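Novice: Got a structure for you, written out below as structure tokens; questions coming shortly.
The values are calculated or read from the model by the stated rules, or taken from the named source; none is laboratory data. Everything quoted here is computed from the prediction, not taken from an experiment. Heads up, the Cβs are rebuilt from the backbone with ideal geometry, glycines too, and the neighbour counts pull from every protein chain shown. Areas reflect the complete protein model, heavy atoms only, side chains present, ligands, DNA and RNA absent. Shrake-Rupley method; radii C 1.70, N 1.55, O 1.52, S 1.80 Å.
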Amino acid sequence: MKRSMDRILTTHVGSLIRPPALLPFLAAKEAGKPFDQAAYAQCLRESVAEVVRKQADVGIDVISDGEFGKAISWAQYALFRLGGFERRPFQAGTNPFTRGVDRTRFAEFYADLDSRDKVETVLDSVAVAPIKYTGQAELQQDIDDFKAALRGVKVEEGFLPVAAPASVIPDRKNEYYKSADDLQQAIGDAMHTEYKMIIDAGFLVQLDDARAAVSYDRMVPPKTLKDYRAWLAKQVEIINHAIKGLPRDKIRYHVCWGSWPGPHSSDVPFKDIADLVLKVRAGGYSIELANPRHEHEWRLWEQLKLPKDAVLIPGVISHATNIVEHPELVAERIVRLAKLVGQENVIASTDCGFAQVTYFARVHPQIMWAKLEALVEGARLASKELWRKGAKRPAAKRAAAGRSGAKRVAARRPATNRRAAG
């Protein structure tokens, strides 16, 4: 994984808004209807080439294929790559996607939002047979298209974002394995094939894990923070098993609180999960730090310490507002973190993707590209400040500061959940 050795590198979380020409093919694929496979392959290849060129033209250093080859969503795409699941209609009122503390508190808002946006989870996904990876051909198409597109541009690196085990086919049901943990372990074992194929192809793999944080809103209450942390610790164990034997410095781990444009008033504070997130054996940690619910959490890095040789990939651009951030604000966000963890350990990014679901566009495409331009310009301004003579803080001093503060974060972490306690 490249580091910011002489300037702040830039990246994003992965999903970019799909071009209109690609949507009819993805719609047919999702619906199980016939479509022209050759025409789809050509359209996908050309679409990936175009979005790669645009990223390079804007100046993004570490780029993706936009997730253009995925149907349904960033997490549900796995239905096309894993065997053992069966899809069924939901019974009335049983869609788990529509539950949660945030949705209960702001029921009128979410009723309005759901009337305008397509709900991501529309069918039950039930494990009815052994979970096996069957998506080699589809993944190879993504790899081949991305490689071909990269040959025509100059960037630092390429990455492919895929779902972490906990986020694979969220809200799935189990009718085959003895327990939910057994199903989760089987998913992790199967997804190892996907992670390894991406790394073997020469790319970074990014494990997207919104469910790691979002599940708090679904679990607490009635469960407690302690219960949720026990669940999350198990997920970290399963992730580390799924990436066992893979080079740490080729793995990015993305945690967010869900990309939907909602209040997020019941998000779990990062201070309550930071220790567990940093136990994932990754070389880079991509974390939301630009949205108004979590931006204040940059101060946690006054005390948190990155694992050895790891980088922080903070969101310094929001995906969820049409306001284009001023480059000077972007630079400010980068600089304050770089001074805490070391500028060589920061790669500036977005909070989340711009189109997690095939048909979603969190902002207009024009706005998306303007935001990425602001990211690049902000990184340029930050680099100018950070690499000016005498600006760099000695690494030994940073490391000592991190060690002295790490224990304080753990000590301040509450043992119980205030909402659950009333």
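Novice: Six or more apart or on different chains, Cβ under 8 Å: which pairs go from a residue in segment 102-118 that's under 17 Å from R218 (Cβ atoms) and touching a residue at least 12 places away in the same chain (Cβ under 8 Å) to one that's of a type in the set (S, T, Y) and part of a loop (DSSP other than H, G, I, E, B)? Could you list them?
Specialist: Short answer, once both residue conditions are applied: D102/S265; D102/S266; R105/S265; R105/S266; F106/S265.
Novice: Out of V236, V277, report the one residue that is surrounded by fewer than 21 Cβ atoms within 10 Å (Cβ to Cβ), under 16 Å from the mean Cα position of the chain (by Cα) and among the hydrophobic types (A, V, I, L, M, F, W, C).
Specialist: Answer to the check: V277.
Novice: Right, here's the next one. Could you tell me which residue of segment 204-235 is modelled with the highest pLDDT, considering only residues that are among the β-branched types (V, I, T) and touching an Asp or Glu at 6+ places or on another chain (Cβ under 9 Å)?
Specialist: First, pick out the residues of segment 204-235 that are among the β-branched types (V, I, T): 205, 214, 220, 224.
Among the residues that remain, those that are also touching an Asp or Glu at 6+ places or on another chain (Cβ under 9 Å) are: 205, 214, 220.
Values: V205: 98, V214: 92, V220: 95.
Restricting to residues being among the β-branched types (V, I, T) and touching an Asp or Glu at 6+ places or on another chain (Cβ under 9 Å), the top hit is V205.
Novice: Residues in segment 166-173: is at least one over 21 Å from the mean Cα position of the chain (by Cα) and open to solvent by 40 Å² or more (accessible area, probe 1.4 Å)?
Specialist: Checked segment 166-173: at least one residue is over 21 Å from the mean Cα position of the chain (by Cα) and open to solvent by 40 Å² or more (accessible area, probe 1.4 Å).
Novice: Quick check, is A163 open to solvent by less than 20 Å² (accessible area, probe 1.4 Å), closer than 20 Å to V48 by Cα and either more than 22 Å from the chain's Cα centre (by Cα) or at pLDDT below 95 (or both)? Walk me through it before giving the result.
Specialist: Values: open to solvent by less than 20 Å² (accessible area, probe 1.4 Å): yes; closer than 20 Å to V48 by Cα: yes; either more than 22 Å from the chain's Cα centre (by Cα) or at pLDDT below 95 (or both): no.
No: the conditions fail for A163.
Novice: Next up: Test A374 against the stated conditions and say whether it is free of Cβ contacts under 8 Å to residues at least 60 places away in the same chain, in a helix (DSSP H, G or I), within 22 Å of G14 (Cβ to Cβ) and open to solvent by 10 Å² or more (accessible area, probe 1.4 Å).
Specialist: no
Novice: Next up: Provide a single number: the residues in segment 98-149 that are open to solvent by less than 60 Å² (accessible area, probe 1.4 Å) and part of a helix (DSSP H, G or I).
Specialist: The qualifying residues number 16.
Novice: Same structure again: If V52 meets every condition in (1) open to solvent by less than 10 Å² (accessible area, probe 1.4 Å); (2) over 29 Å from L386 (Cβ atoms) apart from one, which number is that one?
Specialist: It fails just one condition, (2).
Novice: Would you tally the residues in segment 192-233 being within 18 Å of the chain's Cα centre (by Cα), among the hydrophobic types (A, V, I, L, M, F, W, C) and either closer than 19 Å to C256 by Cβ or not in a helix (DSSP H, G or I) (or both)?
Specialist: Total meeting the criteria: 9.
Novice: Continuing with the same structure: List the number of the failed condition for R362; all other conditions in (1) assigned to a helix (DSSP H, G or I); (2) open to solvent by 10 Å² or more (accessible area, probe 1.4 Å); (3) closer than 21 Å to R293 by Cα hold.
Specialist: (1)
Novice: Related question: For the structure I just gave you, tell me whether G152 is surrounded by fewer than 16 Cβ atoms within 10 Å (Cβ to Cβ), outside any helix (DSSP H, G or I) and at positive phi. Let's see the steps before the verdict.
Specialist: Details: surrounded by fewer than 16 Cβ atoms within 10 Å (Cβ to Cβ): yes; outside any helix (DSSP H, G or I): yes; at positive phi: no.
For G152, the condition - surrounded by fewer than 16 Cβ atoms within 10 Å (Cβ to Cβ), outside any helix (DSSP H, G or I) and at positive phi - is not met.
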